[in-house]
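Below is one structure, written out as structure tokens, with a few remarks after it.
The values are calculated or read from the model by the stated rules, or taken from the named source; none is laboratory data. It should be emphasised that the depicted structure is a prediction, and the values quoted were computed from it without experimental measurement. Positions of Cβ are backbone-derived with ideal geometry, glycine not excepted, and every protein chain shown enters the neighbour counts. These area figures cover heavy atoms from the full protein model, side chains too; ligands, DNA and RNA do not enter into them. Shrake-Rupley method; radii C 1.70, N 1.55, O 1.52, S 1.80 Å.
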Amino acid sequence: LRAQAAAQEQRLGRQEERLHGLEMERRRLHNLVQELKGNIRVFCRVRPVLPEEEERQKGLEHLRFPPEDNKAL
């Protein structure tokens, strides 16, 4: 029984080492994919033009959102 327990502990140790190695490889590959995709993301928040801004900025173009697609400018 002790021999079996010792063998199981050795096997468990090898499996933990293997798991750690595989996890490190997964992280490396994940970081490589992220780097190749590009890490730069751009977000823009837009608010409606206020009435007093419309008056002061006559003649300037403002962003217009098509009614059917509120995500495209």
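Of the residues L32, A7, P51, the one whose Cα sits farthest toward the positive end of the charge dipole of segment 1-62, with +1 on the Cβ of Lys and Arg and -1 on the Cβ of Asp and Glu, is A7. Estimated at the nearest 10 Å², the accessible area of H30 is 100 Å² with a 1.4 Å probe.
Net length available on complete extension from R56 to A7 is 9.5 nm, with 0.36 nm assigned per residue and the Cα-Cα distance removed.
Scalar couplings 3J(HN,Hα) for segment 28-38, obtained by applying the Karplus form with A = 6.51, B = -1.76, C = 1.60 to θ = phi - 60°, are 4, 5, 4, 5, 5, 4, 4, 5, 5, 6, x Hz; x denotes Gly and Pro.
Points 7 angstrom from Cα along the Cβ direction at C44 and R26: gap in nanometres? Using points 7 Å along Cα→Cβ, the separation is 3.8 nm. The fraction of accessible area contributed by carbon and sulfur in segment 1-48 is 55 percent, rounded to a whole number (1.4 Å probe; ligands and nucleic acids excluded). Heavy atoms of the protein chains alone define the surface here; on that basis segment 1-48 has 109 Å² accessible area per residue at 1.4 Å probe size.
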